[in-house]
Amino acid sequence: MAEKLALDLSLVLPDVSDARDACVDRLIGLLQAEGFEKVHLIHEDGGARLCLHYDPQQFSVSRVRELTQAAGSRISNRYHHENLRIDGMDCPTCATVIEHALQRADGVLEASVSYAAERLHLEFDSERIGRPAIVRRIQALGYAVLEEGHEAGWFTEHRELILSAVAGLLLLAGWLVGLAGAPRGLALGLLLGAYAAGGFYTLRDAWQSLRSRRFDIDTLMIVAAAGAAALGAWEEGALLLFLFSLGHALEHMAMDRARKAIEALAELAPKTAIVQRDAVEIEVRVEELLRGDRVIVKPGSRIPADGQVASGNSAVDQSPVTGESMPVDKQPGDKVFAATVNGEGALIVEVTRLARESTLARMVEMVAEAQTQKSPTQRFTDRFERIFVPVVLVGAGMLILLPPLFGFPFAESFYRAMAVLVAASPCALAIATPSAVLSGIGRAARGGVLIKGGAHLENLGVLTAIAFDKTGTLTVGKPKVTDVVAVIGSEDSLLTVAAAVESRSGHPLAQAVVAEAKRRGLAWGEAGGVEAVTGKGLRAELGGQKLIIGNARLFEGELIPEVIRQQAERLQTEGKTIMLVQADGQFLGVLALADTPRESVRQVLERLHRIGIRKTIMLTGDNERVGRAIANAVGLDEVKAGLLPEDKVKAMEELGQRYGQVAMVGDGVNDAPAMARATVGIAMGGAGTDVALETADVALMADDLSKLPFAVALSRASRRIIRQNLWVSLGVVALLIPATLTGWAGIGMAVLIHEGSTIVVILNALRLLAFPDSPADDAKSNRFRFE
C-alpha cells in the first residue's frame with residue numbers, strides 16, 4: 001500500500017514563488033521518473049506543498065526526502081528566476097524593446113517588462129545563458145539594471161529633466177543670439193547643442209525600435225526634427241525636441257509618483273525583529289527569521305512576520321494589509337500579518353511564514369506582476385499604434401511628394417508633412433491606459449484590495465450582476481443562537497441547563513450554545529453521564545435531573561407539547577436549526593440556531609445597487625428555505641439553492657447569459673470553479689488564505705465585504721478615466737492633423753499642444769491615487785465622474 005509524504009514547496013524550490021511556475025512541472029516530471037507512484041501539489045493555508053505517493057518497500061522516508069531535495073536542487077541550479085529593476089526606460093516602447101531583445105536570446109525562457117513598475121520578470125536556463133550576459137544585453141540597449149536595495153542617484157533619476165533643461169537653455173540662447181545679429185554659425189552651434197541634448201534619449205529609443213523592426217512615436221519625432229533641420233528651421237526642430245523631451249521627463253516623474261505609492265507598501269514591514277532563541281533575546285534581520293521562531297512584538301511596534309499569537313492579548317491595526325479601518329483584537333491562536341501595527345499589549349508571535357512568503361510580500365509582488373498584464377484597452381491601443389505610426393509615415397511621405405507635382409512649393413509641403421508627423425504622434429494615447437491602470441491597482445492595494453491585472457480592473461467596472469456564496473461570504477460561517485424560547489422557567493435558566501450539557505461536546509452547534517451562555521454571563525455546573533446520540537443530540541445528568549437536548553428525531557415516540565411543536569415549526573420555517581430541551585421528562589423550551597448574516601451586509605448590497613449593480617444573487621448548497629431566510633434578511637434579489645459545486649458553474653453560465661458581466665464572490669476554495677467561470681472571481685479573506693490569493697482575479701484582503709463597493713467604484717472610476725484619456729489623446733490628434741495640413745498650426749504649436757495633452761492625460765490618471773475609501777454614491781457629488 002502506497003504511503004504519502006508532504007513537503008513545503010518553498011523548501012524544495014526556494015526561488016519559485018508561484019505554484020503555477022513551469023519549474024514545478026519540471027520537478028514533478030523528474031520525481032515521477034524516479035519511480036514515485038504519484039506526485040502532485042496540495043494547497044494549504046501555509047502555502048503550497050508537494051505531495052509524494054511512494055511504495056515503502058522501494059523507498060524509505062529519508063530516501064524520498066533525499067531524492068526530492070536533489071531534484072529541487074537540479075532545477076534551482078539550472079532554471080533561475082529574477083525580478084530585476086530596470087533604469088532608463090522613458091516610454092512604454094522601451095519595455096517592448098527590452099522584451100524583444102531578451103526573448104530572442106538563446107536560453108531566456110520568459111522576459112516580461114513593466115514600464116510602469118520598471119521591473120523585468122525573467123526566467124532563464126543557466127546552462128545556456130548566464131545572468132551577466134543578460135545584464136550586458138540590457139546595458140547594450142542603453143538601460144541599466146539596478147541591484148536590490150540600491151536606488152539610482154540624483155543625477156541618474158533626473159537626467160532626462162536635466163538634459164531637457166539644457167536643451168531649453170541652448171534653444172533660448174541660440175534664438176537670442178540670432179536676434180542680436182551674431183554670426184549664424186554661433187546661433188547654429190547653440191541650436192545643434194539643443195538638438196543633441198533634447199534628442200539624446202529620443203534618438204536612442206528610435207534606433208532601438210528600428211532595430212526591432214518597429215516604428216514608434218520616437219521615430220516620428222526624430223524624422224520631424226530632421227526634416228525641420230533640412231528646411232533650415234533649426235529653431236522649430238530644437239523646440240520640438242526640447243518640448244518632447246520635457247514632456248517625457250515630466251511623464252516619467254508622474255509615473256514615479258504612482259510607482260512609489262506602490263513601493264511604499266513594501267517599506268511598511270520592519271527590517272529587524274527581536275526573537276527568542278536559546279532563552280536569549282536577540283535582534284535579527286527579518287530575512288533571517290525561521291518558521292517556529294518566537295518574536296517579541298512591543299506595544300506600538302510593527303509585527304515583523306506572518307504568524308500566530310503564542311501569548312498575549314492586544315488590538316492590532318491591520319489596515320496596511322487588509323484596509324480595515326478598526327483595530328482587530330488578537331489573542332493566543334489568532335493569525336497576525338507582517339507590517340500590521342500592534343496596539344497597547346505586548347505579544348509573542350510564532351512565525352509561520354518566511355519574510356519572502358508573507359502576505360505583504362506576496363501582495364507587493366502580485367501588484368508588480370499585475371502591472372505587466374495588459375488590459376483590453378491597452379492591447380487595443382498597442383495594436384492601434386503599431387498600425388497608425390507606419391500609416392502616418394507613409395502619409396507624410398505622400399504629403400512631401402504629391403503636392404509639388406501640382407505646383408505646390410516643395411519647401412512648404414515638406415514643412416507641413418513634418419508638422420503632420422508631430423500632430424499625428426499618439427504619445428498621449430500610448431500612456432493613457434498604463435498610467436490609469438498603475439494608479440488604479442496601486443490605490444486598490446493601499447485600500448486592502450488586490451487586483452491582479454488591468455483586465456480585471458476594467459472588467460470589475462462593467463459588472464451588471466454579482467453572485468455570492470452564502471456560507472462564510474454573506475454569513476459568518478458559524479452557527480449562533482438566535483432564539484431562546486422558554487416554556488418553563490426563564491430564558492437564562494433554559495440556556496444554563498443547555499450549556500451545562502453542551503459544554504461537554506465539541507460540536508459546532510454545542511459550542512454556539514456555550515458561547516451564547518458565556519455572552520450572557522451565565523454559570524453552570526458540570527454535567528455527568530454524557531451520552532452522544534449521533535446526528536440527534538445528547539443525554540446527560542445534572543443535579544439529579546436527567547437532561548435530553550437535541551433535534552426532534554431524538555424525541556421520536558414521545559408526546560411533544562403543542563406549544564413546543566408550534567415554536568419549533570415556526571423557527572424551522574425561518575430556516576433555523578432547533579434544539580428541544582427536556583428535564584426529567586418535561587420540555588423546558590426550544591433553542592434556535594442559524595448561520596447569521598455578517599454585519600453590514602445589507603448596507604454593502606444597498607451600496608452596490610446604488611453604484612450600478614442591477615442584480616445580486618445567492619448561490620448556496622443549503623436548501624431553499626435556509627437560503628431564502630438569509631436572502632430576505634440581507635436584501636438579495638435572487639436565491640439559487642441546493643447547488644453542488646458543479647451546479648454553481650452551470651448557474652454562473654446561466655447568469656452570464658441573462659446579465660452579461662457577472663462576478664462571483666466566495667472564499668476561493670470550494671467556489672474556485674464558479675469563480676473561474678465568472679467575468680471576475682472575487683475572493684474574501686486574501687490575507688488569511690493562500691488559496692484565495694492564488695485562485696481569484698480580485699482578493700479582498702480583509703475577511704469582510706465592506707471593501708467590495710470600494711473596489712467596484714474604483715474600477716468604474718478607472719474605466720471612466722481611461723475613456724477620458726482616450727478621448728483627449730485621440731481628440732487632440734484628430735484636431736491637430738487638419739490644423740497642420742491647412743497650415744493653421746506649425747511644428748511649434750503642434751508639439752506644444754501634443755505634449756500638453758500627454759501631461760493632462762497623466763495628471764488625470766494620477767487622480768485615482770486620491771480615490772476616497774467611501775466614494776459618494778451620487779454621481780453629481782462624485783468628483784471622479786465627468787459623464
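Things worth noting here:
- Residues (β-branched (Val, Ile, Thr) and in a helix (DSSP H, G or I)) located in the stretch 733-764: Val733, Ile737, Thr740, Ile747, Val751, Ile753, Thr758, Ile759, Val760, Val761, Ile762
- First in the stretch 14-39 and under 19 Å from Asn77 (Cα atoms) and in contact (Cβ under 8 Å) with a residue 24 or more places away in the chain, second anywhere and open to solvent by 70 Å² or more (accessible area, probe 1.4 Å) and part of a helix (DSSP H, G or I), Cβ under 8 Å, 6 or more apart: Ser17/Arg356; Leu30/Arg74
- In the stretch 29-46, residue modelled with the lowest pLDDT [restricted to those that are of a type outside the set (Gly, Ala, Ser) and either surrounded by 19 or more Cβ atoms within 10 Å (Cβ to Cβ) or assigned to a loop (DSSP other than H, G, I, E, B) (or both)]: Asp45
Residue-wise test of (1) touching a Leu at 6+ places or on another chain (Cβ under 9 Å); (2) free of Cβ contacts under 8 Å to residues at least 24 places away in the same chain; (3) not β-branched (Val, Ile, Thr).
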| site | (1), (2), (3) |
| --- | --- |
| Val284 | no, yes, no |
| Arg294 | no, no, yes |
| Gln308 | no, no, yes |
| Gly312 | yes, no, yes |
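- Scanning the stretch 677-719 for residues that are among the charged types (D, E, K, R) and open to solvent by 20 Å² or more (accessible area, probe 1.4 Å), we see that the one that is modelled with the lowest pLDDT is Glu694.
Rundown of residues vs (1) surrounded by fewer than 21 Cβ atoms within 10 Å (Cβ to Cβ); (2) free of Cβ contacts under 8 Å to residues at least 60 places away in the same chain; (3) over 20 Å from Arg294 (Cβ atoms), yes/no style:
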site	(1), (2), (3)
Asp334	yes, yes, no
Gly343	yes, yes, no
Val349	no, yes, no
Asp382	yes, yes, yes
Pro390	yes, no, yes
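- Residues being assigned to a helix (DSSP H, G or I) and without any contact (Cβ under 8 Å) to a residue 12 or more places away in the chain - total across the stretch 216-234: 1
- Boolean, Ala430 is at pLDDT below 85 and either part of a helix (DSSP H, G or I) or out of contact with any Pro (no Cβ under 8 Å at 6 or more places or on another chain) (or both): yes
- Within the set Gln657, Gln661, the sole residue that is open to solvent by 30 Å² or more (accessible area, probe 1.4 Å) and closer than 23 Å to Leu714 by Cβ turns out to be Gln661.
- In the stretch 614-646, residue nearest to Arg570 (Cα to Cα) [restricted to those that are within 29 Å of the chain's Cα centre (by Cα) and open to solvent by less than 20 Å² (accessible area, probe 1.4 Å)]: Val634
- Qualifying residue in the stretch 129-152 (condition: within 13 Å of Met89 (Cα to Cα) and either free of Cβ contacts under 8 Å to residues at least 12 places away in the same chain or touching a His at 6+ places or on another chain (Cβ under 6 Å) (or both)): yes
- When Thr758 is tested against (1) within 22 Å of Thr377 (Cα to Cα); (2) modelled with pLDDT under 85; (3) touching a strand residue (DSSP E or B) at 6+ places or on another chain (Cβ under 8 Å); (4) of a type in the set (S, T, N, Q), only condition (3) is not met.
- Qualifying residue in the stretch 160-167 (condition: of a type in the set (S, T, N, Q), in a helix (DSSP H, G or I) and either touching a helix residue (DSSP H, G or I) at 6+ places or on another chain (Cβ under 9 Å) or modelled with pLDDT under 90 (or both)): yes
- The listed residue being over 27 Å from Thr202 (Cα atoms), open to solvent by 60 Å² or more (accessible area, probe 1.4 Å), modelled with pLDDT under 80 and of a type in the set (Lys, Arg), out of Arg26, Arg49, Arg63, Arg20: Arg20
- Considering the stretch 519-562, the residues that are exposed (fewer than 13 other Cβ atoms within 10 Å of the Cβ) and part of a helix (DSSP H, G or I) include one that is modelled with the lowest pLDDT, namely Arg553.
- Search result, residues across the stretch 728-776 that are of a type in the set (D, E, K, R) and either open to solvent by 60 Å² or more (accessible area, probe 1.4 Å) or touching a His at 6+ places or on another chain (Cβ under 9 Å) (or both): Glu755, Asp773
- Among residues that are assigned to a strand (DSSP E or B), of a type outside the set (Phe, Trp, Tyr) and closer than 19 Å to Gln586 by Cα, Arg565 is not included.
- Residue within the stretch 71-90 that is touching an Asp or Glu at 6+ places or on another chain (Cβ under 7 Å), part of a loop (DSSP other than H, G, I, E, B), in contact (Cβ under 8 Å) with a residue 40 or more places away in the chain and open to solvent by less than 50 Å² (accessible area, probe 1.4 Å) present: yes
- Breaking point among (1) assigned to a helix (DSSP H, G or I); (2) surrounded by fewer than 21 Cβ atoms within 10 Å (Cβ to Cβ); (3) modelled with pLDDT under 90, for Thr202: (2)
- Looking across the stretch 119-137 at every residue that is in contact with a Gly (Cβ under 9 Å, 6 or more places away or on another chain) and either open to solvent by less than 80 Å² (accessible area, probe 1.4 Å) or modelled with pLDDT under 90 (or both), the one that is nearest to Glu365 (Cα to Cα) is identified as Phe124.
- If you check Ala180, Ala194, Ala165 for being open to solvent by 50 Å² or more (accessible area, probe 1.4 Å) and either in contact with a Gly (Cβ under 6 Å, 6 or more places away or on another chain) or within 14 Å of Leu240 (Cα to Cα) (or both), only one passes: Ala165.
- All positions within the stretch 585-611 that are in contact with a Leu (Cβ under 8 Å, 6 or more places away or on another chain) and over 30 Å from Gly544 (Cα atoms): Pro597, Arg598, Ser600, Val601, Val604, Leu605, Leu608
- Residue list for the stretch 457-473, restricted to those being surrounded by 22 or more Cβ atoms within 10 Å (Cβ to Cβ), over 18 Å from the mean Cα position of the chain (by Cα) and part of a helix (DSSP H, G or I): Lys470, Thr473
The values are calculated or read from the model by the stated rules, or taken from the named source; none is laboratory data. Being a predicted model, the structure only gives us computed values, none of them experimental. Here Cβ is always computed from backbone atoms with ideal geometry, including for glycine, and neighbour counts include all displayed protein chains. The area values use the complete protein model at the heavy-atom level, side chains included, leaving out ligands, DNA and RNA. Shrake-Rupley method; radii C 1.70, N 1.55, O 1.52, S 1.80 Å.
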